[in-house]
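The values are calculated or read from the model by the stated rules, or taken from the named source; none is laboratory data. Keep in mind it's a predicted model, so treat the numbers as computed, not measured. Because the Cβ atoms are built from the backbone with ideal geometry, glycine has one as well, and the counts that use them run over all protein chains shown.
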Amino acid sequence: MKFKKRADIGKFLSIRVKDAVCDLYFPEIIDDLVRFTSEFEDFRILSGGSNIIAGDVKKPVLYMGKAISTSDTDDVNEFLVRTFMPSWVSNTALLDYSVKNGLSGVEFLAGIPGNLGGALYGNAAPAGYSWDDVATIIYIVQDGKIFPLVPEYSYRSLDNKPDGCFVIYGAELILTKDSPENVRSRIKDFLAKRLDIKGPSAGSLFKNPKDGKAGYMLEQCGMKGFSVGGAKLSENHANIIMNTGEGTFDDFCRLKDIAVERVREKFGVTLEPEVQFWYD
Ligand SMILES: Cc1cc2nc3c(=O)[nH]c(=O)nc-3n(C[C@H](O)[C@H](O)[C@H](O)COP(=O)(O)OP(=O)(O)OC[C@H]3O[C@@H](n4cnc5c(N)ncnc54)[C@H](O)[C@@H]3O)c2cc1C
């Protein structure tokens, strides 16, 4: 398997952290995943890189952002199809596929960057939507073995993930037959409700706490547009983390810590990051 020592991974991250480096492995076939997970117990996975802020990463990183298998579709009945979709497929490509083939079920992904693996890992969806109804089986590679998992999801979480490090290789999706026009029109509706985020970003910095909205709390603490070095909270939405150009890992960490502290002081709530911070 190809491998790059101390690779600069800033360009793989949608927020473009200036000083993000790691040892990066590029699997090409499923055997590479089997070998990698047999060799390493503790590792990280980079896919679309739209939910990660990384620094000097010590653990080996597996890059799951390129083709290592193909999709496969068959009919369940006259209304439903079962599709195996590999995890490297981008959300945009999955939406194109669903329009082209008149298959409904993943329209809620419209406007969310990244790849299927990242979406399945973090239950990426707009408020009120979840992967529960669509992903019936996730295929996992762990400790050199491949096995299926029936996923259970809650807000931004795959609840029954295996203990330890694992790779999502792909998933079986159950999609409903529809017309391409209907699927396209629903995608447009989802896109129309999205925030317009311009510039390098990793989306929402914090998860919403149980009783409240992280964005509202941050705004009440005067954090809209707040910056530390090149790290900044959006002027339009206080929970959107941006890079003004030269943001370093340290800038993002300091900004996050200040935001947590201010919200804790004002509301007595400890916000939990939605973005993955890769410290080690
Ligand atoms: C502008 C913007 C808007 C966004 N809007 C939303 C939104 O509306 N809703 C929402 O939920 N999210 C949103 N996000 C966050 C992000 O796009 C999603 O979390 C996305 O699904 C992450 O996918 P990715 O491929 O980029 O994953 P990455 O960022 O590469 O990885 C995210 C996590 O998933 C793990 N992972 C990735 N692939 C695999 C795999 N194959 N096997 C095992 N683990 C894996 C990684 O190790 C990491 O822990 C937004 C981000 C941005 C930049």
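Things to note:
- Within region 111-134, the only residue that satisfies the criterion of being near the ligand (Cβ under 6 Å from one of its atoms) and aromatic (Phe, Trp, Tyr) is Tyr121.
- Residue count for region 8-45 under the criterion of being farther than 21 Å from Gly245 by Cβ and in contact with a strand residue (DSSP E or B) (Cβ under 7 Å, 6 or more places away or on another chain): the result is 14.
- Ile9 vs. criteria aliphatic (A, V, I, L, M) and in contact with a Cys (Cβ under 8 Å, 6 or more places away or on another chain): yes
- Any chance Val34 is more than 16 Å from the ligand (Cβ to nearest atom) and either more than 21 Å from the chain's Cα centre (by Cα) or at pLDDT below 95 (or both): no
- The set of residues in region 68-100 being surrounded by 16 or more Cβ atoms within 10 Å (Cβ to Cβ) and at pLDDT below 95 consists of Ile68, Ser69.
- In region 235-255, the qualifying residues are those that are among the small types (Gly, Ala, Ser) and crowded, with 21+ Cβ neighbours inside 10 Å, and the one that is farthest from Ala125 (Cα to Cα) is Gly247.
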